[in-house]
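Report on the following structure.
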Amino acid sequence: MRAIIKVVTEDEYKLWLLKQKPNYVQVFPDKDPSAAPAKTADSTKAALTVPAPAATASIAK
């Protein structure tokens, strides 16, 4: 049996390792968490929120 051994620096190895993907993600690309759309701030949702009622001093009597 033969194999090719490539000697690289630690930085090159880390870069190569970051580029690797698990076989599961290759078979089921929709399950890839890194491919999920980024969540952005939605101004319409912020406008629909209702503020909590303020505490009053009359309750403490």
Self-check item: Where labels lie 7 Å past Cα in the beta-carbon direction, separation of residue 1 and residue 20 in nm
Solution: 1.7 nm
Self-check item: Extension gain (nm, one decimal) between residue 13 and residue 30, 0.36 nm per residue minus Cα-Cα
Solution: 3.4 nm
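Every number in this text was worked out from the coordinates using simple rules, so none of it is lab data. These figures come from a predicted structure and were not determined experimentally. Don't worry about glycine lacking a Cβ; one is built from the backbone with ideal geometry, like all the others, and counts go over all protein chains shown.
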